[in-house]
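Here, each number is a calculation from the coordinates, and none is a lab measurement. What you see is a predicted model, and the numbers here were worked out from it, not measured in a lab. Neighbour counts are summed over all protein chains in view; Cβ atoms, including those assigned to glycine, are modelled from backbone coordinates with ideal geometry.
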Amino acid sequence: MDKTASFRFVGALNDFLPKAQKEKAIRYSFGGTPAVKDAIEALGVPHPAVAVIVINKKPVAFNYWLQAEDTVEVYPQEYPTKWPQAPKLRVELPQPPAFILDVHLGKLAKSLRLLGFNTIYENNYDDQTIADRAAAENRVVLTRDIGLLKLRIVQWGYWLRSQNSEKQLAEVLAHYNLFNKVQPFTRCLMCNGLLLNVPKEAVLTQLPPKTKIYFQEFHQCQTCRRVFWKGSHYERMEQYVQQLHLPETDR
């Protein structure tokens, strides 16, 4: 005979639930003694979104075995200080975080690189490749695919609510509190490599004729060797960064 437990999801975790279950106690039926992590994901919430689990008023880890008539409360990232003694569900996220994005997020990838964040994006990666590389390189997975976040190997991840790249960027900056960690124009938008200042003479053969005349300051990607200068494209990107209303940084 199936057993039941009561689940309540708090705050932003309700975004993963059907409308009829949002902000309500959910009766979950199960057989055996499944791990609470599996029950949470069966109800629709991926494990990287969970910060604290409280069962019968006591914090527990993902491997807690669910029992009949348990009362389960599940909290997102913004609530962990309410339970300072709660078991850590994952190791601390390295700072500043590095990211890997799914194949639909090319515009967001360029925006994150523009702000100086280490961001991997390949438009031919499948979900398992993304998850494996995230684990190997301690990266946060950013995606619109909830199923990707449920892969066991994923430690850190965020499900983007918006389909608009500018709103997605705002989500990431807010969720990971990155506003004071931006370093604009330090990474290559094309390959994610670091940009370094180089003398004009070192890149002269790569410059268009008019660029040789009108520009004196140059940066080169240390990975793909592309050369950048402060032309009209730079001015447009500078305007984009300014409209984000970020704290003052050296640019």
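In table form, for the structure just shown:
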read-out: ³J(HN,Hα), Karplus 6.51/-1.76/1.60, whole Hz, each residue of region 22-37, x for Gly, Pro; value: 5, 6, 10, 6, 10, 7, 10, 9, 7, x, x, 9, x, 5, 4, 4
read-out: Value of relative contact order over region 3-82, rounded to a whole percent, pairs C-alpha under 8 Å and six or more apart; value: 41
read-out: Region 132-219: GluC sites (Glu not before Pro) in DSSP loop, at most 13 other beta carbons within 10 Å; value: Glu217
read-out: Theoretical ellipticity at 222 nm over the chain - DSSP helices of four or more residues, -39500 (n - 2.57) apiece, nearest 500; value: -6500 deg cm²/dmol
read-out: GluC sites (Glu not before Pro) within region 28-104: DSSP coil, no more than 10 neighbouring Cβ in 10 Å; value: Glu69, Glu92
read-out: Between helix 127-137 and the chain: long-axis angle, C-alpha atoms, 0 to 90°, nearest 10; value: 80
read-out: Helix 232-242 vs. the chain, principal-axis angle (Cα, 0 to 90°, nearest 10); value: 40
read-out: Acute angle (nearest 10 degrees) that the helix 165-175 long axis makes with the longest principal axis of the chain, alpha-carbon atoms; value: 60
read-out: Cα gyration tensor shape for region 1-86, rounded if a/c is under 1.5, else prolate or oblate; value: oblate
